[in-house]
Amino acid sequence: MSRNLAFLLGALALFGQTIKETPAKTYEVPEAYEVYAAALALDHVEGDESRELLIADTTVPFSHCLETRSDRQVDAAIEDYKKANRVKWLLERKLKLGRTYKLLSTKEIEALRLPDPQGGFFWRFPEAVRIRSISAVGFNANKTVAVVEMDFECGGQCGHGAPFILQKHKGEWRRYSPPPPPLVKNPDGTYTVEMSGGSACQWSY
């Protein structure tokens with residue numbers, strides 16, 4: 001084995017150990033847990049209220065729908081979202097949901113996965129088990145607008161996900177109300193509404 005190849009393999013092994021041994025930092029952003037509670041209440045699944053809510057204990061850095069929105073407050077929250085989700089964070093038990101919930105580690109989630117009963121490729125969870133995954137939260141400068149994404153899995157081909165834009169109003173987080181589009185004055189003195197370009201993303205305001 002050449003000296004260069006041996007050095008490269010040693011460096012790769014050391015790099016792999018560094019990644020493996022670096023634990024996720026605890027997510028200590030109080031407002032983020034308020035946003036999670038509001039988004040989870042909005043992301044309602046029929047028949048799910050009586051079950052214990054199962055949530056992955058580490059944030060997931062989703063990368064969907066992060067284009068600008070022609071809204072400075074939302075754009076600022078999106079940029080902060082990108083920064084916050086450059087790493088994964090370990091969630092704390094600070095969710096105030098009005099229902100029982102459990103934070104599950106990656107090992108606990110893997111242990112719940114069952115093989116396809118038909119012998120196919122897609123795995124499944126036991127009946128009625130849904131695992132929620134959530135991102136870190138992005139905020140605008142004064143933390144009145146927030147961007148977060150979450151999804152749930154119930155099997156290899158079962159689940160859904162959605163990004164949310166929320167705003168703080170009178171101390172409570174709720175669906176964001178985008179400002180009305182600007183009016184443009186025409187040469188004849190009339191006004192038309194200036195519409196921004198559409199997006200394929202289905203944001204949950």
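The values are calculated or read from the model by the stated rules, or taken from the named source; none is laboratory data. On a predicted model such as this, the values are computed, not experimentally measured, just so you know. Here Cβ is always computed from backbone atoms with ideal geometry, including for glycine, and neighbour counts include all displayed protein chains. Ligands, DNA and RNA are stripped out before the accessible areas are found, and what is left, the full protein with its side chains, is counted by its heavy atoms. Shrake-Rupley method; radii C 1.70, N 1.55, O 1.52, S 1.80 Å.
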*In nm, give the distance between the simple-model label positions of residue 110 and residue 29, each being 7 Å from the Cα along the Cα-to-Cβ direction.*
2.8
*Reachable lysines from residue 107, Cα under 17 Å, same-chain residues fewer than 8 places away excluded?*
20, 88
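Over the range 77-173, with the other protein chains present, what is the accessible area per residue in square angstrom, probe 1.4 angstrom? Numbers along the way, then the final one.
Working: 5460 Å² over 97 residues.
Here the per-residue accessible area is 56 Å².
Net charge around residue 61, counting only other residues with Cβ within less than 14 Å of its Cβ (Lys, Arg = +1; Asp, Glu = -1)?
Details: positive: 25, 82, 83, 86, 88; negative: 80, 149, 151.
Charge balance near residue 61 sits at +2.
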*Just grab the label-to-label distance for residue 90 and residue 52, each label 7 Å out from Cα along the Cβ direction, in nm (one decimal).*
2.1
*Quick one: Cα centre-to-centre distance for the range 126-179 and the range 69-92, in angstrom?*
12
